[in-house]
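To keep things clear, I will list the structure first and then write my remarks on it.
Throughout, read-outs are computed from the coordinates displayed, never taken from laboratory work. Computed from a prediction, not measured in an experiment: that's the story for all the values here. Counting neighbours? That spans all protein chains shown, and the Cβs are built from the backbone with ideal geometry, glycine included.
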Amino acid sequence: MKSKGLLVVLSGPSGVGKGTVRKALFETDQEKNQFFYSVSATTRQAREGEVDGKDYFFVSREEFEKMIEDEKLLEYAEYVGNFYGTPLDYIDKMTNAGKDVFLEIEVQGALQVKRRMPDGVFIFLAPPNLRELESRIVNRGTDSPEVIAERMDKARTELQLMTQYDYVVENDDVDLAVKRIQTIIKAEHLKVDRFIDDIVENYLGEGD
């Protein structure tokens with residue numbers, strides 16, 4: 001029996017290390033080719049080292065609004081003055097082919113996805129504490145003090161939404177966070193409801 005591919009959504013407040021954990025997870029499972037990363041579109045400027053089409057699709061605000069109008073996004077959200085969104089076609093194609101698709105998105109977007117695809121696996125990546133989260137944002141060196149304060153206010157609100165997720169993983173250590181996520185995904189692949197059609201056909205449909 002083989003289940004349909006999983007939609008795995010990793011989310012959490014800005015600065016919690018979503019990108020770092022996602023990259024480590026993919027490097028760990030590279031030989032198995034287990035995950036396919038769905039690249040998000042955004043209107044923000046690329047940071048140093050980020051590659052268009054690999055880290056994000058960097059688009060203009062006008063291009064993004066056209067994608068919204070044409071209903072080509074699974075979800076989208078405006079965060080600190082910029083739009084972020086997930087292209088829909090790629091996810092449908094890969095999960096229907098039995099491939100696992102991994103999304104790394106903001107909290108607003110993750111909750112939109114949950115409303116549209118409730119059978120996804122929703123993982124909240126949490127910081128050890130707010131002091132550590134603020135330190136990580138400051139050490140990135142990419143934001144002004146005003147933006148940092150805005151991100152921290154937003155993080156406090158987002159942490160209260162943790163109960164809307166299926167799992168919470170504390171990012172106290174990247175390697176440990178990766179192992180926890182791998183364990184979650186392995187367990188999800190074995191859930192009965194992901195095989196229900198095969199079970200009915202292969203077992204319950206047989207005569208005595």
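Set the bar at 32 Å for Cα to Cα. Now go through Lys66/Lys93; Lys66/Lys186; Lys66/Lys191; Lys4/Lys154 and name every pair that lies beyond it.
On the way: Lys66/Lys93 22 Å; Lys66/Lys186 38 Å; Lys66/Lys191 38 Å; Lys4/Lys154 35 Å.
As for pairs spanning more than 32 Å Cα to Cα, those are Lys66/Lys186; Lys66/Lys191; Lys4/Lys154.
Taking Cα centre as origin and charging only the Cβ of basic (Lys, Arg, +1) and acidic (Asp, Glu, -1) residues, the dipole magnitude of the chain rounds to 340 debye.
Take every Cα pair under 8 Å whose residues are at least 6 apart in sequence, average their separation, divide by the length of the chain, and the relative contact order is 32 percent. Have a look at Val39, Asn139, Thr157 and report the one farthest towards the positive end of the charge dipole of the chain, computed about the Cα centre with Cβ charges (Lys/Arg +1, Asp/Glu -1). About the Cα centre, the residue reaching furthest to the positive side is Asn139. Recomputing Rg and Dmax of the Cα atoms in Å from the coordinates shown identifies the correct label among [x] 19.4, 58; [y] 18.2, 71; [z] 15.4, 52 as [y].
Centre-to-centre separation between the Cα atoms of region 137-180 and those of region 42-84: 20 Å. Here is the result for region 105-177: no GluC sites (Glu not before Pro) lie in DSSP coil with at most 12 other C-beta atoms within 10 angstrom of their C-beta.
As a test of the formula, what do you get for the chain when each DSSP H run with n ≥ 4 contributes -39,500 (n - 2.57) and the sum is divided by the residue count, at 222 nm and rounded to the nearest 500 deg cm²/dmol?
Taking each H run of at least 4 residues, the total per residue is -12000 deg cm²/dmol.
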